[in-house]
Amino acid sequence: MKGLVIQNAAEVVTPTGREAKFGPAMNELNRIEHASIVVQDGIIQAVDTAERIAFRYDLSGYECIDAAGQSVIPGFVDAHTHFIFGGYRADEFMLRLKGSTYMEIMADGGGIGSTVRQTRQTTEEELYRSGKERLDAMLAFGVTTVEGKSGYGLDLEAEVKQLSVMQDLARNHPLELVSTFMGAHAVPPEYSDEEDRYIDFLLADVLPVIKEKGLAEFCDVFCEQGVFSLEQSRRLLSKARELGFGLKIHADEICSMGGAELAGELQAVSAEHLLHASDEGIRALAQNRVIATLLPNTAFCLNEPFAAARAMIDSGCAVALASDFNPGSCFSHSVPLILALACIKMKMTAEEALTAMTLNGAAALNRAGSVGSIEPGKQADLLLLKYPSYKFLIYHTGVNIVQKVIKKGRLLCTNH
(Lines give C-alpha, C1' and ligand atoms only; values in the text may rest on other atoms or scores of the structure.)
Protein backbone atom coordinates (compact mmCIF):
# COMPACT_ATOMS: atom_id res chain seq x y z
CA MET A 1 0.00 0.00 0.00
CA LYS A 2 1.52 3.31 -1.11
CA GLY A 3 -0.44 5.48 1.29
CA LEU A 4 -3.82 7.10 1.69
CA VAL A 5 -5.77 9.50 -0.50
CA ILE A 6 -8.85 11.41 0.56
CA GLN A 7 -10.68 11.97 -2.72
CA ASN A 8 -13.27 14.36 -4.10
CA ALA A 9 -14.05 16.30 -0.91
CA ALA A 10 -16.63 19.04 -1.32
CA GLU A 11 -14.03 21.25 0.34
CA VAL A 12 -10.82 21.16 2.35
CA VAL A 13 -10.78 24.06 4.82
CA THR A 14 -7.86 24.91 7.09
CA PRO A 15 -5.83 27.65 8.68
CA THR A 16 -2.26 27.61 7.45
CA GLY A 17 1.16 28.08 8.97
CA ARG A 18 3.35 26.72 11.74
CA GLU A 19 2.58 29.21 14.48
CA ALA A 20 -0.46 30.74 16.13
CA LYS A 21 -2.70 33.16 14.28
CA PHE A 22 -3.15 36.50 16.03
CA GLY A 23 -5.95 39.02 15.74
CA PRO A 24 -7.52 39.42 12.27
CA ALA A 25 -5.41 36.57 10.89
CA MET A 26 -7.63 34.14 12.83
CA ASN A 27 -10.27 34.73 10.12
CA GLU A 28 -7.98 33.58 7.31
CA LEU A 29 -8.77 30.07 6.11
CA ASN A 30 -7.55 28.29 2.99
CA ARG A 31 -10.47 26.65 1.17
CA ILE A 32 -10.13 24.29 -1.80
CA GLU A 33 -13.28 23.01 -3.51
CA HIS A 34 -13.51 19.49 -4.99
CA ALA A 35 -10.25 18.61 -3.26
CA SER A 36 -8.08 15.60 -2.57
CA ILE A 37 -5.33 14.97 -0.01
CA VAL A 38 -2.40 12.59 -0.50
CA VAL A 39 -0.84 11.00 2.61
CA GLN A 40 2.25 8.82 2.93
CA ASP A 41 3.64 7.40 6.18
CA GLY A 42 1.15 9.48 8.15
CA ILE A 43 2.35 12.79 6.65
CA ILE A 44 0.44 14.99 4.21
CA GLN A 45 2.19 15.09 0.83
CA ALA A 46 -0.20 17.22 -1.20
CA VAL A 47 -3.49 19.11 -0.92
CA ASP A 48 -5.08 20.35 -4.12
CA THR A 49 -8.08 20.05 -6.40
CA ALA A 50 -9.00 16.46 -7.24
CA GLU A 51 -8.14 17.11 -10.89
CA ARG A 52 -4.61 18.33 -10.15
CA ILE A 53 -3.96 15.48 -7.69
CA ALA A 54 -5.10 12.92 -10.27
CA PHE A 55 -2.79 14.50 -12.85
CA ARG A 56 0.25 14.59 -10.52
CA TYR A 57 -0.09 11.20 -8.77
CA ASP A 58 -0.59 7.64 -9.85
CA LEU A 59 -3.13 6.71 -7.18
CA SER A 60 -3.21 3.00 -7.95
CA GLY A 61 -2.14 1.13 -4.84
CA TYR A 62 -3.33 3.87 -2.47
CA GLU A 63 -6.03 3.28 0.11
CA CYS A 64 -8.83 5.59 -0.99
CA ILE A 65 -11.51 7.30 1.08
CA ASP A 66 -14.25 8.98 -0.92
CA ALA A 67 -15.17 12.30 0.70
CA ALA A 68 -17.76 13.38 -1.88
CA GLY A 69 -20.22 15.81 -0.33
CA GLN A 70 -18.09 16.22 2.79
CA SER A 71 -16.00 19.01 4.28
CA VAL A 72 -12.53 18.02 5.46
CA ILE A 73 -10.93 20.02 8.28
CA PRO A 74 -7.93 19.53 10.61
CA GLY A 75 -8.29 17.36 13.69
CA PHE A 76 -9.35 19.31 16.76
CA VAL A 77 -6.79 20.12 19.46
CA ASP A 78 -8.16 20.24 23.02
CA ALA A 79 -5.42 22.23 24.74
CA HIS A 80 -6.80 22.23 28.31
CA THR A 81 -8.22 19.21 30.16
CA HIS A 82 -7.99 17.53 33.56
CA PHE A 83 -9.11 14.11 32.33
CA ILE A 84 -7.23 11.87 34.80
CA PHE A 85 -9.15 11.81 38.10
CA GLY A 86 -10.96 9.56 40.54
CA GLY A 87 -14.60 9.97 41.55
CA TYR A 88 -17.24 12.45 40.49
CA ARG A 89 -18.90 15.58 41.89
CA ALA A 90 -22.47 15.53 40.61
CA ASP A 91 -23.81 16.77 43.95
CA GLU A 92 -21.71 19.93 43.66
CA PHE A 93 -23.26 20.67 40.28
CA MET A 94 -26.69 20.51 41.92
CA LEU A 95 -25.50 22.84 44.70
CA ARG A 96 -24.39 25.36 42.10
CA LEU A 97 -27.80 25.15 40.45
CA LYS A 98 -29.26 26.14 43.82
CA GLY A 99 -26.98 29.17 44.09
CA SER A 100 -23.76 28.03 45.78
CA THR A 101 -20.59 29.41 44.17
CA TYR A 102 -17.55 27.44 43.07
CA MET A 103 -15.37 29.08 45.74
CA GLU A 104 -17.98 28.54 48.49
CA ILE A 105 -18.09 24.84 47.71
CA MET A 106 -14.28 24.72 47.69
CA ALA A 107 -14.12 26.49 51.08
CA ASP A 108 -16.51 23.89 52.54
CA GLY A 109 -14.16 21.04 51.65
CA GLY A 110 -15.61 20.24 48.23
CA GLY A 111 -14.26 21.24 44.86
CA ILE A 112 -10.73 20.23 43.95
CA GLY A 113 -10.10 18.90 47.47
CA SER A 114 -12.88 16.36 47.04
CA THR A 115 -11.36 15.03 43.83
CA VAL A 116 -7.91 14.96 45.45
CA ARG A 117 -9.17 12.65 48.17
CA GLN A 118 -10.76 10.32 45.64
CA THR A 119 -7.84 10.37 43.20
CA ARG A 120 -5.32 9.52 45.91
CA GLN A 121 -7.39 6.42 46.68
CA THR A 122 -7.78 5.34 43.04
CA THR A 123 -5.35 2.79 41.62
CA GLU A 124 -3.23 3.43 38.56
CA GLU A 125 -5.11 0.64 36.79
CA GLU A 126 -8.47 2.31 37.39
CA LEU A 127 -7.14 5.74 36.39
CA TYR A 128 -5.78 4.21 33.18
CA ARG A 129 -9.07 2.46 32.38
CA SER A 130 -11.21 5.54 32.94
CA GLY A 131 -8.66 7.75 31.17
CA LYS A 132 -8.73 5.52 28.09
CA GLU A 133 -12.52 5.62 28.01
CA ARG A 134 -12.44 9.42 28.12
CA LEU A 135 -9.85 9.66 25.35
CA ASP A 136 -11.95 7.30 23.22
CA ALA A 137 -14.94 9.58 23.74
CA MET A 138 -12.90 12.69 22.85
CA LEU A 139 -11.68 10.98 19.69
CA ALA A 140 -15.29 10.42 18.58
CA PHE A 141 -15.78 14.21 18.76
CA GLY A 142 -12.81 14.71 16.43
CA VAL A 143 -10.12 15.50 19.01
CA THR A 144 -6.80 14.16 17.72
CA THR A 145 -4.43 15.96 20.14
CA VAL A 146 -5.19 16.64 23.80
CA GLU A 147 -3.46 18.17 26.80
CA GLY A 148 -3.90 16.57 30.23
CA LYS A 149 -3.08 18.24 33.54
CA SER A 150 -2.27 16.63 36.86
CA GLY A 151 -3.29 18.46 40.03
CA TYR A 152 -5.59 15.98 41.72
CA GLY A 153 -2.77 14.47 43.76
CA LEU A 154 -1.11 17.46 45.42
CA ASP A 155 1.61 15.27 46.88
CA LEU A 156 4.59 13.67 45.19
CA GLU A 157 3.22 10.13 45.06
CA ALA A 158 -0.21 10.96 43.64
CA GLU A 159 1.07 13.59 41.20
CA VAL A 160 3.57 11.07 39.84
CA LYS A 161 0.75 8.52 39.66
CA GLN A 162 -1.44 10.79 37.55
CA LEU A 163 1.37 11.78 35.20
CA SER A 164 2.62 8.19 34.88
CA VAL A 165 -0.85 7.09 33.80
CA MET A 166 -0.84 9.84 31.18
CA GLN A 167 2.57 8.69 30.00
CA ASP A 168 1.26 5.12 29.62
CA LEU A 169 -1.78 6.36 27.73
CA ALA A 170 0.45 8.49 25.48
CA ARG A 171 2.35 5.33 24.53
CA ASN A 172 -0.71 3.17 23.96
CA HIS A 173 -3.53 5.39 22.73
CA PRO A 174 -3.64 6.71 19.14
CA LEU A 175 -4.79 10.15 20.30
CA GLU A 176 -1.74 12.39 20.81
CA LEU A 177 -1.33 13.39 24.47
CA VAL A 178 0.64 16.30 25.98
CA SER A 179 1.15 16.33 29.77
CA THR A 180 1.16 19.30 32.14
CA PHE A 181 2.21 19.26 35.80
CA MET A 182 -0.26 21.21 37.92
CA GLY A 183 0.65 20.39 41.49
CA ALA A 184 -0.30 24.00 42.29
CA HIS A 185 -3.98 23.36 41.57
CA ALA A 186 -5.04 23.88 45.19
CA VAL A 187 -3.56 23.79 48.69
CA PRO A 188 -3.80 20.25 50.09
CA PRO A 189 -5.22 19.72 53.60
CA GLU A 190 -1.82 18.87 55.06
CA TYR A 191 -0.68 22.42 54.14
CA SER A 192 -3.88 24.22 55.12
CA ASP A 193 -3.29 28.00 55.38
CA GLU A 194 0.40 27.44 54.55
CA GLU A 195 0.47 28.26 50.85
CA ASP A 196 4.08 29.48 50.90
CA ARG A 197 5.28 26.30 52.58
CA TYR A 198 3.41 24.23 50.00
CA ILE A 199 5.06 26.16 47.17
CA ASP A 200 8.43 25.54 48.88
CA PHE A 201 7.58 21.81 48.90
CA LEU A 202 6.71 21.83 45.20
CA LEU A 203 9.90 23.71 44.32
CA ALA A 204 12.20 21.49 46.37
CA ASP A 205 10.61 18.05 46.31
CA VAL A 206 8.22 17.71 43.37
CA LEU A 207 9.17 19.82 40.34
CA PRO A 208 12.70 18.39 40.09
CA VAL A 209 11.37 14.82 40.26
CA ILE A 210 8.76 15.46 37.57
CA LYS A 211 11.50 16.91 35.37
CA GLU A 212 13.97 14.10 36.07
CA LYS A 213 11.36 11.45 35.23
CA GLY A 214 10.28 13.32 32.09
CA LEU A 215 6.64 13.18 33.13
CA ALA A 216 5.46 16.60 31.95
CA GLU A 217 6.25 19.16 29.27
CA PHE A 218 4.47 22.12 30.89
CA CYS A 219 3.90 23.54 34.38
CA ASP A 220 0.64 25.27 35.31
CA VAL A 221 -0.64 27.07 38.43
CA PHE A 222 -4.07 28.19 39.64
CA CYS A 223 -3.38 31.88 40.20
CA GLU A 224 -6.54 32.97 41.98
CA GLN A 225 -7.79 34.72 45.08
CA GLY A 226 -7.99 32.12 47.84
CA VAL A 227 -5.66 29.74 46.01
CA PHE A 228 -2.21 31.00 44.92
CA SER A 229 -1.18 34.66 44.85
CA LEU A 230 0.63 36.43 42.05
CA GLU A 231 3.94 36.20 43.91
CA GLN A 232 3.50 32.51 44.74
CA SER A 233 2.60 31.82 41.12
CA ARG A 234 5.60 33.82 39.91
CA ARG A 235 7.96 31.83 42.19
CA LEU A 236 6.66 28.50 40.95
CA LEU A 237 6.63 29.36 37.26
CA SER A 238 10.05 31.03 37.39
CA LYS A 239 11.58 27.87 38.85
CA ALA A 240 9.70 25.74 36.32
CA ARG A 241 11.14 27.82 33.51
CA GLU A 242 14.66 27.34 34.94
CA LEU A 243 14.08 23.59 34.84
CA GLY A 244 12.94 23.72 31.22
CA PHE A 245 9.17 23.46 31.52
CA GLY A 246 6.88 25.42 29.23
CA LEU A 247 4.68 27.78 31.24
CA LYS A 248 0.90 27.89 31.52
CA ILE A 249 -1.27 29.74 34.00
CA HIS A 250 -4.90 29.50 35.15
CA ALA A 251 -5.51 33.26 35.19
CA ASP A 252 -8.33 35.59 36.19
CA GLU A 253 -11.00 32.88 36.27
CA ILE A 254 -12.96 33.92 39.37
CA CYS A 255 -11.77 37.49 39.80
CA SER A 256 -9.41 39.94 38.13
CA MET A 257 -6.11 39.82 40.01
CA GLY A 258 -3.46 40.30 37.35
CA GLY A 259 -2.97 36.73 36.17
CA ALA A 260 -3.01 37.73 32.51
CA GLU A 261 -0.42 40.42 33.22
CA LEU A 262 1.76 37.83 34.97
CA ALA A 263 1.46 35.51 31.97
CA GLY A 264 2.68 38.35 29.78
CA GLU A 265 5.52 39.21 32.16
CA LEU A 266 6.76 35.62 32.17
CA GLN A 267 6.03 35.15 28.45
CA ALA A 268 4.07 32.01 29.18
CA VAL A 269 3.00 29.82 26.28
CA SER A 270 -0.64 30.27 27.30
CA ALA A 271 -2.94 31.88 29.84
CA GLU A 272 -6.16 29.99 30.45
CA HIS A 273 -9.76 30.77 31.51
CA LEU A 274 -9.44 34.61 31.57
CA LEU A 275 -13.12 35.26 32.36
CA HIS A 276 -12.17 38.41 34.25
CA ALA A 277 -8.99 39.48 32.46
CA SER A 278 -8.47 43.24 32.57
CA ASP A 279 -7.92 45.43 29.51
CA GLU A 280 -4.30 45.78 30.63
CA GLY A 281 -4.02 42.02 30.93
CA ILE A 282 -5.41 41.52 27.43
CA ARG A 283 -2.84 43.98 26.07
CA ALA A 284 -0.08 42.10 27.92
CA LEU A 285 -1.16 38.83 26.28
CA ALA A 286 -1.17 40.37 22.81
CA GLN A 287 2.13 42.21 23.22
CA ASN A 288 3.93 39.14 24.57
CA ARG A 289 2.30 36.70 22.13
CA VAL A 290 0.80 34.61 24.92
CA ILE A 291 -2.03 32.42 23.64
CA ALA A 292 -5.37 33.06 25.36
CA THR A 293 -6.90 29.61 25.88
CA LEU A 294 -10.61 30.18 26.49
CA LEU A 295 -12.96 27.59 27.98
CA PRO A 296 -16.58 28.48 27.19
CA ASN A 297 -18.04 25.21 28.47
CA THR A 298 -16.75 26.06 31.96
CA ALA A 299 -18.29 29.53 31.97
CA PHE A 300 -21.55 27.93 30.81
CA CYS A 301 -21.51 25.22 33.49
CA LEU A 302 -20.61 27.75 36.21
CA ASN A 303 -23.15 30.26 34.86
CA GLU A 304 -20.42 32.90 34.78
CA PRO A 305 -19.80 35.66 32.21
CA PHE A 306 -17.92 34.40 29.17
CA ALA A 307 -14.36 35.48 28.44
CA ALA A 308 -14.11 38.54 26.20
CA ALA A 309 -13.01 36.68 23.07
CA ARG A 310 -14.11 39.45 20.71
CA ALA A 311 -12.13 42.11 22.59
CA MET A 312 -9.10 39.80 22.78
CA ILE A 313 -9.03 39.08 19.06
CA ASP A 314 -9.69 42.71 18.18
CA SER A 315 -6.76 43.64 20.46
CA GLY A 316 -4.43 41.33 18.54
CA CYS A 317 -4.51 38.21 20.75
CA ALA A 318 -4.25 34.64 19.56
CA VAL A 319 -7.24 32.78 21.00
CA ALA A 320 -7.44 29.01 21.42
CA LEU A 321 -10.55 27.12 22.49
CA ALA A 322 -10.54 24.07 24.75
CA SER A 323 -12.90 22.05 26.93
CA ASP A 324 -11.47 22.17 30.49
CA PHE A 325 -12.97 18.69 30.92
CA ASN A 326 -12.87 17.91 34.65
CA PRO A 327 -15.11 16.34 37.31
CA GLY A 328 -16.14 19.61 38.95
CA SER A 329 -16.56 22.89 37.11
CA CYS A 330 -16.97 21.36 33.64
CA PHE A 331 -17.82 17.69 33.24
CA SER A 332 -17.99 18.07 29.46
CA HIS A 333 -15.60 17.59 26.56
CA SER A 334 -18.23 18.43 23.94
CA VAL A 335 -16.57 20.16 21.00
CA PRO A 336 -19.94 21.10 19.41
CA LEU A 337 -20.85 22.93 22.64
CA ILE A 338 -17.48 24.74 22.68
CA LEU A 339 -17.94 25.94 19.10
CA ALA A 340 -21.56 26.97 19.56
CA LEU A 341 -20.83 28.99 22.70
CA ALA A 342 -17.76 30.57 21.13
CA CYS A 343 -19.78 31.91 18.21
CA ILE A 344 -23.16 32.59 19.82
CA LYS A 345 -22.06 33.89 23.22
CA MET A 346 -18.47 35.02 22.68
CA LYS A 347 -19.06 36.66 19.28
CA MET A 348 -16.34 34.73 17.45
CA THR A 349 -16.76 34.05 13.75
CA ALA A 350 -16.95 30.47 12.51
CA GLU A 351 -13.53 30.98 10.92
CA GLU A 352 -11.99 32.23 14.17
CA ALA A 353 -13.52 29.33 16.10
CA LEU A 354 -12.12 26.77 13.67
CA THR A 355 -8.65 28.35 13.86
CA ALA A 356 -8.90 28.47 17.68
CA MET A 357 -9.81 24.78 17.90
CA THR A 358 -7.07 23.63 15.51
CA LEU A 359 -3.92 25.64 14.75
CA ASN A 360 -4.06 27.94 17.79
CA GLY A 361 -4.79 25.00 20.08
CA ALA A 362 -1.75 23.27 18.60
CA ALA A 363 0.34 26.39 19.20
CA ALA A 364 -0.79 26.45 22.85
CA LEU A 365 0.90 23.03 23.13
CA ASN A 366 3.99 23.92 21.07
CA ARG A 367 2.70 21.60 18.34
CA ALA A 368 1.84 24.05 15.54
CA GLY A 369 4.78 22.81 13.51
CA SER A 370 3.32 19.32 13.21
CA VAL A 371 -0.47 19.50 13.70
CA GLY A 372 -3.37 21.94 13.54
CA SER A 373 -3.62 22.49 9.78
CA ILE A 374 -3.86 20.55 6.52
CA GLU A 375 -0.58 21.27 4.74
CA PRO A 376 2.25 19.25 3.20
CA GLY A 377 4.74 18.15 5.83
CA LYS A 378 2.26 18.04 8.69
CA GLN A 379 0.68 14.99 10.27
CA ALA A 380 -2.43 13.76 8.51
CA ASP A 381 -4.83 14.54 11.36
CA LEU A 382 -8.09 14.97 9.46
CA LEU A 383 -11.82 15.10 10.11
CA LEU A 384 -14.46 14.29 7.52
CA LEU A 385 -17.71 16.07 8.32
CA LYS A 386 -21.23 14.93 7.49
CA TYR A 387 -21.94 18.08 5.51
CA PRO A 388 -20.28 19.91 2.59
CA SER A 389 -19.32 23.03 4.58
CA TYR A 390 -17.42 23.70 7.80
CA LYS A 391 -20.14 26.24 8.62
CA PHE A 392 -22.36 23.32 9.66
CA LEU A 393 -20.11 22.97 12.75
CA ILE A 394 -21.96 26.01 14.10
CA TYR A 395 -25.20 25.84 12.11
CA HIS A 396 -26.05 22.25 13.24
CA THR A 397 -25.88 23.62 16.74
CA GLY A 398 -24.54 21.38 19.50
CA VAL A 399 -24.50 18.24 17.32
CA ASN A 400 -21.45 16.13 16.54
CA ILE A 401 -21.14 16.12 12.73
CA VAL A 402 -17.73 14.41 12.61
CA GLN A 403 -18.12 11.23 10.56
CA LYS A 404 -14.54 10.04 10.20
CA VAL A 405 -11.44 10.71 12.31
CA ILE A 406 -7.99 10.15 10.79
CA LYS A 407 -4.84 10.40 12.93
CA LYS A 408 -1.41 10.22 11.32
CA GLY A 409 -3.02 8.81 8.20
CA ARG A 410 -4.94 6.05 10.00
CA LEU A 411 -8.73 5.90 10.05
CA LEU A 412 -9.47 5.52 13.76
CA CYS A 413 -13.13 6.32 14.18
CA THR A 414 -16.28 6.31 12.08
CA ASN A 415 -19.48 7.83 13.47
CA HIS A 416 -22.83 6.97 11.90
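The values are calculated or read from the model by the stated rules, or taken from the named source; none is laboratory data. Since the structure is predicted, the reported quantities are computational estimates derived from the model, not experimental observations. So basically every Cβ, Gly included, is an ideal-geometry build from the backbone, and we count neighbours across all protein chains shown.
Each row is one residue, and each column tells you yes or no for (1) over 22 Å from the mean Cα position of the chain (by Cα); (2) at pLDDT 95 or above; (3) under 16 Å from Lys408 (Cα atoms).
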site	(1), (2), (3)
Val5	yes, yes, yes
Glu11	yes, yes, no
Met26	no, yes, no
Arg31	yes, yes, no
Val39	yes, yes, yes
Ile43	yes, yes, yes
Ala46	yes, yes, yes
Glu51	yes, yes, no
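For region 141-156, indicate whether the set of residues that are at pLDDT below 95 and assigned by TED's automatic domain parsing to the domain that holds Asp324 is non-empty. No, that holds for no residue.
Of Ile406, Ile394, all but one fail to be among the hydrophobic types (A, V, I, L, M, F, W, C), assigned to a helix (DSSP H, G or I) and not assigned by TED's automatic domain parsing to the domain that holds Asp324; the exception is Ile394. Being within 24 Å of Ala107 (Cβ to Cβ), at pLDDT 95 or above and surrounded by fewer than 24 Cβ atoms within 10 Å (Cβ to Cβ) is the requirement here; does Asp200 meet it? Yes, satisfied. In a residue-by-residue description of region 169-192, the property of being among the acidic types (Asp, Glu), assigned by TED's automatic domain parsing to the domain that holds Gly113 and buried (at least 24 other Cβ atoms within 10 Å of the Cβ) applies to no position. Residue pairs whose Cβ atoms lie under 9 Å apart, separated by 6 or more positions or on different chains, with the first residue in region 226-240 and assigned by TED's automatic domain parsing to the domain that holds His185 and the second assigned to a helix (DSSP H, G or I) and among the aromatic types (Phe, Trp, Tyr), are Phe228/Tyr198; Gln232/Tyr198. Does Ile112 fit the bill of being surrounded by 16 or more Cβ atoms within 10 Å (Cβ to Cβ) and over 25 Å from the mean Cα position of the chain (by Cα)? Criteria not met by Ile112. Restricting the first member to region 357-378 and to residues that are over 20 Å from Leu393 (Cβ atoms), and the second to residues that are basic (Lys, Arg), the beta-carbon pairs closer than 7 Å and six or more apart or on different chains are Ala368/Arg18; Gly369/Arg18; Ser370/Lys378.
Evaluation of Ala353 against the conditions (1) over 18 Å from the mean Cα position of the chain (by Cα); (2) crowded, with 23+ Cβ neighbours inside 10 Å shows that the sole unmet condition is (1). Determine if region 185-199 includes at least one residue that is touching a Phe, Trp or Tyr at 6+ places or on another chain (Cβ under 7 Å) and within 28 Å of Ala137 (Cα to Cα). Checked against the condition, which is being touching a Phe, Trp or Tyr at 6+ places or on another chain (Cβ under 7 Å) and within 28 Å of Ala137 (Cα to Cα), region 185-199 yields at least one hit. Among the residues of region 309-332, is any under 21 Å from Thr101 (Cβ atoms) and surrounded by fewer than 19 Cβ atoms within 10 Å (Cβ to Cβ)? Yes: one or more hits. Going through region 328-351 one residue at a time, which ones are within 26 Å of Val405 (Cα to Cα) and in a loop (DSSP other than H, G, I, E, B)? Within region 328-351, Cys330, Phe331, Ser332, His333, Ser334, Met348, Thr349 qualify. Quick one: in region 117-128, of everything that is among the β-branched types (Val, Ile, Thr) and more than 22 Å from the chain's Cα centre (by Cα), which residue is surrounded by the fewest Cβ atoms within 10 Å (Cβ to Cβ)? Once the filter is applied, the top-ranked residue is Thr123.
Just one of the numbered conditions (1) of a type in the set (Ser, Thr, Tyr); (2) within 30 Å of Gly42 (Cα to Cα); (3) surrounded by 24 or more Cβ atoms within 10 Å (Cβ to Cβ) is not true of Thr298: (2).
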